[in-house]
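Shown next, in structure tokens, is the structure this report addresses.
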Amino acid sequence: FKDSRFSNSCILAKCYCRWMWDNLTCWQPAKIGQVVWMPCPELFEVMSEENDEFGKVSRNCTEAGWSEMFPHYVDVCPFNENGTSPDMYYVSVKALYTVGYSTSLVSLTTAMVILCRFRKLHCTRNFIHMNLFVSFILRAISVFIKDGILYAEEDSNHCFIHTVECKSVMVFFHYCVLSNYFWLFIEGLYLFTLLVETFFPEKRYFYWYTIIGWGTPTICVAVWAVLRAHFDNIGCWDINDNAAIWWVIKGPVLASIMINFILFIGIIIILVQKLQSPDIGGNESSIYLRLARSTLLLIPLFGIHYTVFAFTPEDVSKRERLVFELGLGSFQGFVVAVLYCFLNGEVQSEIKRKWRSWTVNRYFAGDIKRRHPSLASSGVNGGTQLSILSKSSSQIRMSSLQAETPAT
């Protein structure tokens, strides 16, 4: 007797075949006598050559349950046997983006602490950077949560992963990804506006940037979740077969990438004009060197690398797309944190200033303890001792000056 999940069920005299997971495809419920056709699993599309043609497989819903598959996967789903095995390929990609997101998470968290700790670094530009860092952090966290829910067990039955918890994780994941794209767009928009406008009310603009960066993804993901719940409420919402509903998420992402690319080109043109200005010194080679450096710095900040596969069909170059977007893209947060925090001259000078101040205070505090043990044993800290001594010395200097000044 077959598993009750895969056998027939009858409700109100209507019999049907239940969900079935064959380790590659999730077969949806069907009425008895109905033939269900399914395309080749995405696994075969990733591990095949680009010019291979894929067919469809079918099962018949009978009174005894689902029939055997016809034709079989091996007959209509091409597979490159000489290439990397599917298990090794996916394990390698997952290991790559796990390392990438972990590295980005640590570096971005450190950068956030630095920017929040030093008050002199608090400005509109760094506030926008901090929001971008938060979006990268949330994106990394959402990826780890999604993997923990969907792929906690390798032999999990994907037909029955349809809990509210699982769907909520997918909603959170899409929100984090969409917010990350929008804050990349805001970085480009802010820099372009800064170069174009002479008088730039940054605080007022930052208010609208915040609404766009966090509010717009909220609306898009909420609309997507409502549409999925009413028209495509299948599984854990991790498979997007309904293209019309998926465009609610995909459309804003592509729009932000396209607009950012246009802003990137516009900023490069403005930089060329400014660098060629007679007011800026330097020979032609140094000008192009600065332009190249500025361009390389802007690429990770604007997410320009996403344009490589942004407007190509999703079924083209899937192997390269996974490695590029999941593998290399996971290190983007790390690169942004390094370029715009750790290597930032303003940040480095502030850290050095704080370090020198701490070193000097520690030195004088230790020197006071050695020369005046009574002060050290009184429980007064070094900073208080220094302030007392400085006040005393200033009072002594003022009294000596008054004594030296002749009376008029």
Name every residue in region 334-360 that is over 16 Å from L121 (Cβ atoms), surrounded by fewer than 12 Cβ atoms within 10 Å (Cβ to Cβ) and hydrophobic (A, V, I, L, M, F, W, C), in order of residue number. W358, V360
Residue check for G235: touching a strand residue (DSSP E or B) at 6+ places or on another chain (Cβ under 8 Å) and either buried (at least 16 other Cβ atoms within 10 Å of the Cβ) or in a helix (DSSP H, G or I) (or both): yes
Being open to solvent by less than 70 Å² (accessible area, probe 1.4 Å), assigned to a helix (DSSP H, G or I) and closer than 14 Å to C123 by Cα is the filter here, so list the residues in region 195-208 that pass it. E202, Y205, F206
Which number in (1) within 26 Å of the chain's Cα centre (by Cα); (2) farther than 30 Å from L343 by Cα; (3) at pLDDT 85 or above marks the one condition that A152 misses? (3)
Filtering helices (runs of 4 or more DSSP H) wholly in region 320-380 for at least 2 residues that are at pLDDT 85 or above and under 17 Å from I299 (Cβ atoms) gives 332-337
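The values are calculated or read from the model by the stated rules, or taken from the named source; none is laboratory data. The shown structure was predicted, so the numbers you read here are calculated from the model rather than taken from an experiment. Note: ideal-geometry Cβ built from the backbone for every residue, glycine included; neighbour counts use all protein chains shown. Note: accessible area is taken over every heavy atom of the protein model, side chains too, but ligands, DNA and RNA are not part of it. Shrake-Rupley method; radii C 1.70, N 1.55, O 1.52, S 1.80 Å.
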